[in-house]
Amino acid sequence: MDLKRIIAFNLTGLLLLLSWALPHGLPWTDLDDRIFWAFNQWITPENGLWDNLLALLNTRFFDAASFGVMGVLFTIAMRRDPRPDRLRRWFGIGVTMLLTAGVIAIVTNKAITYGHPSPTRFFEHAARLTDIVSIPTKDSASNSFPGDHGLMLMIFAGFMLRFADRRTAGWSIAFVLLLSAPRIMVGAHWFSDVYMGALSIALLALPWVLCTPVATTMTTLVQRGLSRLPLNR
């Protein structure tokens, strides 16, 4: 158990929460407003190409593509693993990651009673992409806190940081930024939904899985359960 890392990550997560909750903390509200309007001003009928691109980046197809990107990175990490039983090992890592994501999602939904609408619903005169384009897209949410899409990306990146090589882990972090950006750019999420809400949850929860024997023990158990199956290495 790496207690120092757990404490460091947990303290960072708590500081993020405090910076948002305390009256004299960091100006998240002002930052959220500035980022939202910086992108929202470009959503106009005159910017047809940009509107359609932004709409495509917030469709279910793009969400599926995001999972595809994670699948590619997961496969690359597995192929770069020099261990002879890497297939079983990474299957165990994948199962552990999915279980972790599921438990965090359930606990988050039950434990967090606070919520707020997305900026496109909060601001009465905000430009709505769905009023401009014909592409079925997501540009609003009745409750956008915390950023669930960003949280899932962060969980994946956390597991890559723990188990993958440095290059793959670095790409995973980069894709957290890239793949979470469209939701913020279109106004379906506030900036703080992702980089305060989702990030603080990840910093508080993931270290107790990845910096303790929990992840490796679960992975080993799955790996042993597959030991009798005729899988190619």
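The values are calculated or read from the model by the stated rules, or taken from the named source; none is laboratory data. In this text, all values refer to a predicted model and were calculated from it rather than measured experimentally. Note: ideal-geometry Cβ built from the backbone for every residue, glycine included; neighbour counts use all protein chains shown.
Test V214 against the stated conditions and say whether it is modelled with pLDDT of 90 or more and surrounded by 21 or more Cβ atoms within 10 Å (Cβ to Cβ). Spelling it out, it is not the case that V214 is modelled with pLDDT of 90 or more and surrounded by 21 or more Cβ atoms within 10 Å (Cβ to Cβ). Tell me, yes or no, whether region 218-227 has at least one residue that is at pLDDT below 95 and under 17 Å from V103 (Cα atoms). There is at least one residue in region 218-227 that is at pLDDT below 95 and under 17 Å from V103 (Cα atoms).
Given the structure, is W208 of a type in the set (F, W, Y) and surrounded by fewer than 20 Cβ atoms within 10 Å (Cβ to Cβ)? Before you say what the answer is, go through the steps one by one.
Details: of a type in the set (F, W, Y): yes; surrounded by fewer than 20 Cβ atoms within 10 Å (Cβ to Cβ): yes.
Considered against the rule, which asks whether it is of a type in the set (F, W, Y) and surrounded by fewer than 20 Cβ atoms within 10 Å (Cβ to Cβ), W208 comes out as yes.
In a residue-by-residue description of region 109-132, the property of being at pLDDT below 90, of a type in the set (S, T, N, Q), over 13 Å from the mean Cα position of the chain (by Cα) and under 26 Å from M218 (Cα atoms) applies to at least one position.
Pick out the one residue from D30, D51, D2 that is exposed (fewer than 13 other Cβ atoms within 10 Å of the Cβ) and closer than 17 Å to G187 by Cα.
On the way: D51 fails: exposed (fewer than 13 other Cβ atoms within 10 Å of the Cβ); D2 fails: closer than 17 Å to G187 by Cα.
Sole residue among the options that is exposed (fewer than 13 other Cβ atoms within 10 Å of the Cβ) and closer than 17 Å to G187 by Cα: D30.
Residues of region 188-216 being polar (S, T, N, Q), under 20 Å from G102 (Cβ atoms) and assigned to a helix (DSSP H, G or I), which ones? Show your work before the answer.
Of the residues in region 188-216, the ones polar (S, T, N, Q) are 192, 200, 212, 216.
Subsequent filtering for residues that are under 20 Å from G102 (Cβ atoms) retains 200, 212, 216.
Once the filter is applied, which keeps residues that are polar (S, T, N, Q), under 20 Å from G102 (Cβ atoms) and assigned to a helix (DSSP H, G or I), region 188-216 yields S200, T216.
Return yes or no: is S66 in contact with a Gly (Cβ under 9 Å, 6 or more places away or on another chain), surrounded by 18 or more Cβ atoms within 10 Å (Cβ to Cβ) and either over 29 Å from M185 (Cα atoms) or among the small types (G, A, S) (or both)? Against the criterion (in contact with a Gly (Cβ under 9 Å, 6 or more places away or on another chain), surrounded by 18 or more Cβ atoms within 10 Å (Cβ to Cβ) and either over 29 Å from M185 (Cα atoms) or among the small types (G, A, S) (or both)), S66 does not qualify. Would you confirm, using the coordinates I've provided, whether P119 is touching a residue at least 40 places away in the same chain (Cβ under 8 Å), surrounded by 16 or more Cβ atoms within 10 Å (Cβ to Cβ) and either touching a helix residue (DSSP H, G or I) at 6+ places or on another chain (Cβ under 6 Å) or not polar (S, T, N, Q) (or both)? Considered against the rule, which asks whether it is touching a residue at least 40 places away in the same chain (Cβ under 8 Å), surrounded by 16 or more Cβ atoms within 10 Å (Cβ to Cβ) and either touching a helix residue (DSSP H, G or I) at 6+ places or on another chain (Cβ under 6 Å) or not polar (S, T, N, Q) (or both), P119 comes out as yes. The residue list L31, L53, L57 contains one member that is in contact with a Pro (Cβ under 6 Å, 6 or more places away or on another chain) and more than 30 Å from W208 (Cα to Cα), which is L57. When region 18-39 is examined, which residues are found to be closer than 16 Å to M196 by Cβ, not in a loop (DSSP other than H, G, I, E, B) and not small (G, A, S)? Hits for region 18-39 are L18, W20, W28, T29, D30, L31, D32, D33, R34, I35, F36.
I'd like the residue in region 143-187 that is modelled with pLDDT of 90 or more and not in a helix (DSSP H, G or I) and, out of all such residues, is surrounded by the most Cβ atoms within 10 Å (Cβ to Cβ). Filtering region 143-187 for residues that are modelled with pLDDT of 90 or more and not in a helix (DSSP H, G or I), the one surrounded by the most Cβ atoms within 10 Å (Cβ to Cβ) comes out as G187.
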